[in-house]
Amino acid sequence: MHPLERSSAKSLDGSASVSSSSLSSSSLEPLMSDVRQVIGDAEALLKATAQQGGAELDDLRAKSRESLRAINARLATAQQAVYTQTKHAALATDRYVHDNPWVSIGVGTGLGVVVGLLLRRR
């Protein structure tokens, strides 16, 4: 099996975790982490207010729990979609580099020269 084709593992809460080679440097990871934190805080708030009564409050708690479940499911779906797209892009890049090694070396060398020239100006 190709190293980039390894499937993601499931974390303890059931959401798909992402391998360090795909999305760890993505700008979406901090956002997903923040959303998970908000969901966790909202669930903790629901548990903390569970002892307070009232039919309206019970209905509000039930609606909030359902909304949190829906958001969590959508977040997991979005994360899996981003992971899949990233994996496909990485595989396509890997295939291209293996099919065209000299072009890849030329592009890398060209980028290195440009970065070197830009850094030399400072």
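What to note about this one:
- Test: residue in the stretch 70-91 that is without any contact (Cβ under 8 Å) to a residue 12 or more places away in the chain and over 18 Å from the mean Cα position of the chain (by Cα): no
- Counting only residues that are surrounded by 11 or more Cβ atoms within 10 Å (Cβ to Cβ) and part of a helix (DSSP H, G or I), the stretch 93-122 holds 11 of them.
- In the set (1) assigned to a helix (DSSP H, G or I); (2) exposed (fewer than 13 other Cβ atoms within 10 Å of the Cβ), the condition left unmet by ALA50 is number (1).
- Every residue from the stretch 60-88 that is farther than 21 Å from LEU31 by Cα and loosely packed, with under 12 Cβ neighbours inside 10 Å: ALA62, LYS63, GLU66, HIS88
Computed from the coordinates by the stated procedures, all read-outs in this text should not be read as laboratory data. All figures in this text were calculated on a predicted structure; none of them were measured in a lab. With ideal geometry, Cβ positions are generated from the backbone for all residues, glycine too; neighbour counts draw on all protein chains shown.
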